[in-house]
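Shown next, in structure tokens, is the structure this report addresses.
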Amino acid sequence: MPKVVVVGGGWAGCAAAISAAKAGADVVLLERTDMFLGTGLVGGIMRNNGRFTATEELLALGGGDLFEVTDEVSRHKNVEFPGHKHASLYDVAKVEPAVKNRMAQYGKIQFRTEARVKDIQMEGSRITAVVVDETDVIQGDVFVDASGTAGPQGNCTKYGNGCAMCIYRCPTFGGRVSIAAKAGVKEIIGRKADGSLGAMSGSCKLHKDSIRPDIIEEMDRTGVAVVPIPEQLRKSDSLSQKACQQYALKEFADNVILLDTGHAKLMSPFYPLDKLRQVPGFEDARFEDPYSGGIGNSVRYLGMCPRDNTLKVQGDVDNLFCAGEKAGLLVGHTEAVVTGTLAGHNAVRAAVNKDLLELPRSLAVGDAIAHVKDQMTTEDGLTKKYTFSGSVYFQRMKEQNLYTSDVNVIKQKVDAAGLAGVFAQPLS
């Protein structure tokens, strides 16, 4: 059996581990912190807009395990909020144990937390092992870098407003280490619209008990609360800083928009606390994640991999794939699951000497991977963020007739590509 080692246990890493196990590999999944899912621990939004299409495509391709899990722990389904339709909001308190249970069902995944990869070992152009500490060396045949692009905390100081004490928890568990960079790969840095480096994470979370009860009741009932902001407090200039440009809409500057994910998810990359407390209903507001949400948020997209459309890393390394933010400016949980699934599957294909799979551009999941690769070769492309759920890529989906919420049409497209169930089939 080939052995695949996945570094980083966010949505992408968990998807890669499951996909590699289903393809027949023995898998080791290493996560730096004490919980899996990374930003998924405070995220919560699935299936909104074109993410519905991507989700159903991956389900038809046989790689939808993690979408099944989020559906199982969903607090609200078919939710609408400004600019977004048919969203599903999963419970951030229940999702991580549910994902671990799903991974355990395969029996081929050894998953470890508090296992920060510090270094690698190489022979020629091949990685042979990762080093967790001085004596813990984990060998493998093929590796997947799903370590993300945020941290260590010095990057948030250099490119942002300092450590915001976010879910990455670099001060506690140590900063991210890129195995691609350790292998000598020259990584790519994303930019904000103004040309400065990186992008600020997309939203903050408020303590529910710190918000006026009638607002919470509305959010608990419908999944959404939209509260007008007094005109003098509106902050449209902050929208351009968001990594999640699908939410950079006028409605998000004119209103406090909250989504119920277990947290009160505030759709803003930051909101000065003194101004937030002037909005009626938020007089006692307190941030839950990041704790410094009134000042800023984590800075991301500072270390992406050059890669091809199979998600094989390009450079002087032969057996490395990438997923999630490491695979480029494709933003969001759904997007991470898509890239993780393909990377894990292709890692096994590489190990057993089969042709690597490139998803066709007739599918949204294939077009997104290819389009983002193309855009990242241009200066303008590096200033944009791409997501199935909005902004420039969702517009492309509609123009290319890739967006549909008709599940039968989606299944027919996957069948026509000859790829039905491809991620569910063992390769060895």
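In this label model, ARG277 and SER125 are separated by 5.9 nm, measuring between points 7 Å along each Cα→Cβ vector. Taking the accessible area of the range 177-220, probe 1.4 Å, and keeping the other protein chains in place, the carbon and sulfur fraction comes to 50%.
Which FRET efficiency value, to the nearest 0.05, do you get for THR157 and LEU356 by plugging their Cβ-Cβ distance into 1/(1 + (r/R0)^6) with R0 = 30 Å? Plugging the Cβ-Cβ distance into 1/(1 + (r/R0)^6) gives 0.15.
Summarising the overall dimensions of the range 386-428 from its C-alpha atoms, the Rg and Dmax are 13.4, 40 angstrom. Would you mind pulling out the separation of the Cα centroids of the range 356-428 and the range 1-64, in Å? If we compute the Cα centre of each part, the gap is 17 Å. By a 1.4 Å probe calculation restricted to protein chains, ASP65 has an accessible surface near 10 Å², given to the nearest 10.
Beyond 32 Å in Cα-Cα separation lie the following of the pairs LYS118/LYS413; LYS108/LYS354; LYS118/LYS398; LYS118/LYS312: LYS118/LYS413; LYS118/LYS398.
Cα convex hull, the range 299-428: 113 Å³ per residue, rounded to a whole number.
The residue among THR39, VAL27, ALA87 whose Cα reaches farthest toward the positive pole of the charge dipole of the range 27-140, with charges on the beta-carbon of Lys, Arg, Asp and Glu, is ALA87. Think of the range 352-428 as a dipole: +1 on every Lys or Arg Cβ, -1 on every Asp or Glu Cβ, centred on the Cα centre; then among TYR393, THR404, VAL352, THR404 lies furthest on the positive end. In order along the range 340-350, phi translates into HN-Hα couplings of x, 4, 5, 5, x, 5, 6, 4, 6, 4, 5 Hz, rounded to whole numbers, per the Karplus curve 6.51 cos²θ - 1.76 cosθ + 1.60 with θ = phi - 60° and x for Gly and Pro.
Other residues whose C-beta falls under 15 angstrom from the C-beta of THR33 contribute a net charge of +2, scoring Lys and Arg +1 and Asp and Glu -1. Model label points for GLU134 and MET1, set 7 angstrom from Cα along the Cα-to-Cβ axis, are 3.3 nm apart. Positive-end ranking of VAL73, THR113, CYS156 along the dipole of the chain, with charges on Cβ about the Cα centre, is headed by CYS156. Maximal additional length on extending the GLU217-GLN425 stretch stands at 70.3 nm, based on 0.36 nm per residue less the C-alpha distance. Counting heavy atoms of the protein chains alone, THR135 has an accessible area of about 130 Å² for a 1.4 Å probe.
Placing dummy labels 7 Å off each Cα toward the beta-carbon, the span from ASN408 to LYS250 is 3.9 nm.
For the chain, the equivalent ellipsoid derived from the Cα gyration tensor has semi-axes of 33, 24, 20 Å, listed largest first. Each Lys and Arg adds +1 at its Cβ and each Asp and Glu adds -1 at its Cβ; summed about the Cα centre, the chain shows a dipole of about 340 debye. About its Cα centre, the range 40-113 has a charge dipole of approximately 200 debye under the convention of +1 per Lys or Arg Cβ and -1 per Asp or Glu Cβ, with nothing else charged. The loop-placed GluC sites (Glu not before Pro) in the range 68-104, going by DSSP, include none that has at most 11 neighbouring Cβ atoms within 10 Å of its Cβ.
List the pairs from LYS158/LYS182; LYS182/LYS265; LYS77/LYS208 whose alpha-carbon separation is above 26 Å, in the order I gave them. Violating the 26 Å limit, Cα to Cα: LYS182/LYS265. Computed over protein heavy atoms with a 1.4 Å probe, the accessible surface of the chain works out to 37 Å² per residue.
The values are calculated or read from the model by the stated rules, or taken from the named source; none is laboratory data. No experiment lies behind these values; they were computed from the predicted model shown. Ideal geometry is used to build each Cβ from the backbone, glycine not excepted, and the neighbour counts take in all protein chains shown. Keep in mind that these areas ignore ligands, DNA and RNA; they rest on the heavy atoms of the full protein, side chains included. Shrake-Rupley method; radii C 1.70, N 1.55, O 1.52, S 1.80 Å.
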